[in-house]
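Have a look at the structure below before the remarks.
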Amino acid sequence: VGANYMFSEKSGVFARVNEGSKMPFFDDFRDNFDAYTGGEDLIKEISQFELGYKSAQDNFDLYATLYMNETKGDTFVAVPGGPVQVQTTESKGIELDFNYFTDFGLSVNLNATIQDAEITESADGNNGNDVMRQPGWQIRVTPSYDFELDDDMYGTLYGTVSAVDDRWGDNENTVPLEGYTKVDLGVILNVTDELKMQLAVSNLTDKDGVTEGDIRVTSSQNARYILPRTVDFS
């Protein structure tokens, strides 16, 4: 169910309410078989509420959305065949999406999320803990510049700065994952209508960053990391 009200030609507010279910798939039955045979139906019930503002002006547009969602029956198994954690999680926060344009080729995109993701019901003593791998905030800023050269050549120079807050690697909140900032840079050159070249440098400063830890052995030093500095030409 949604509603939208435009109080001018270029701005307005909206509200949405969503409810749905996520049915189990093969891995749910395999990993959570004991919970299933014990009476757990493995169906996740999801509710989401949104209230937002949007504006589209001549040289910028803005979307700001307040949201709250709840997932009941969320299941997690660290090791197949191990104990099943069945819990209810709740997240509330704000999403921002901002774009700014100029007449001389420069544009900037800002995308940010600030949230509080919490375990509200758990039989494993995790009530009040943060949901694993969910940062309190993350932000991405992407400036770009369009330029023209001689002989009808044109291109785009762009970069992205991404920053992610600290997180926890497990629902027990015992494995901290440090936040990180990553810088990407690239250029696209349209030489002719038939030929386009692109040079992209990911993680320009060669920053270390971890996206998740080892949930099977929380004391382990194993982790999944972001790629080091990488250069691609196509």
* Among what's in region 147-157 and is open to solvent by 80 Å² or more (accessible area, probe 1.4 Å) and outside any strand (DSSP E or B), pick the residue that is modelled with the highest pLDDT. => LEU149
* To do: Check off (1) modelled with pLDDT of 95 or more; (2) over 26 Å from GLN138 (Cα atoms) for SER91 and give me the number that stays unchecked.
  => (2)
* Selected residue (criterion: modelled with the lowest pLDDT) from residues of region 200-218 that are in contact with an Asp or Glu (Cβ under 6 Å, 6 or more places away or on another chain) and assigned to a loop (DSSP other than H, G, I, E, B) -> THR218
* To do: Answer yes or no: is there a residue in region 219-232 that is part of a strand (DSSP E or B) and among the hydrophobic types (A, V, I, L, M, F, W, C).
  => yes
* Asked: Can you find a residue in region 158-166 that is part of a loop (DSSP other than H, G, I, E, B) and either on the phi < 0 side of the Ramachandran plot or in contact with a helix residue (DSSP H, G or I) (Cβ under 8 Å, 6 or more places away or on another chain) (or both)?
  -> yes
* Structure fact -> Per the list (1) open to solvent by 80 Å² or more (accessible area, probe 1.4 Å); (2) free of Cβ contacts under 8 Å to residues at least 24 places away in the same chain; (3) in contact with a Lys or Arg (Cβ under 6 Å, 6 or more places away or on another chain), residue check on PRO176 breaks on (3)
* Asked: Can you name the residue in region 65-96 that is surrounded by fewer than 16 Cβ atoms within 10 Å (Cβ to Cβ) and within 23 Å of the chain's Cα centre (by Cα) and, of all such residues, is farthest from VAL13 (Cα to Cα)?
  -> LYS92
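Residue-wise test of (1) within 28 Å of MET23 (Cβ to Cβ); (2) part of a strand (DSSP E or B).
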position	(1), (2)
THR71	yes, yes
VAL79	yes, no
GLU90	yes, yes
GLY93	yes, yes
ASN99	no, yes
SER107	no, yes
ALA112	no, yes
GLU121	yes, yes
ASP124	yes, no
* Asked: Hey, any hits in region 136-146 for a residue that's loosely packed, with under 13 Cβ neighbours inside 10 Å, in a strand (DSSP E or B) and not hydrophobic (A, V, I, L, M, F, W, C)?
  -> no
* Asked: When residues of region 5-55 are filtered for being open to solvent by 80 Å² or more (accessible area, probe 1.4 Å), farther than 30 Å from THR113 by Cα and not in a helix (DSSP H, G or I), how many remain?
  -> 1
* To do: Among residues belonging to region 211-222 that are touching a residue at least 40 places away in the same chain (Cβ under 8 Å) and not polar (S, T, N, Q), point out the one that is most open to solvent (accessible area, probe 1.4 Å).
  => ARG216
* Asked: Based on what the data block shows, is THR181 within 18 Å of the chain's Cα centre (by Cα), at pLDDT 95 or above and of a type in the set (Val, Ile, Thr)?
  -> yes
* Structure fact -> Residues of region 103-126 being surrounded by fewer than 16 Cβ atoms within 10 Å (Cβ to Cβ) and modelled with pLDDT under 95, in sequence order, are ASP103, PHE104, GLY105, GLU121, ALA123, ASP124, GLY125
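The values are calculated or read from the model by the stated rules, or taken from the named source; none is laboratory data. A quick note: this is a predicted structure, and the numbers were derived from the prediction, not measured. Positions of Cβ are backbone-derived with ideal geometry, glycine not excepted, and every protein chain shown enters the neighbour counts. Side chains included, ligands, DNA and RNA excluded: accessible areas come from the protein's heavy atoms. Shrake-Rupley method; radii C 1.70, N 1.55, O 1.52, S 1.80 Å.
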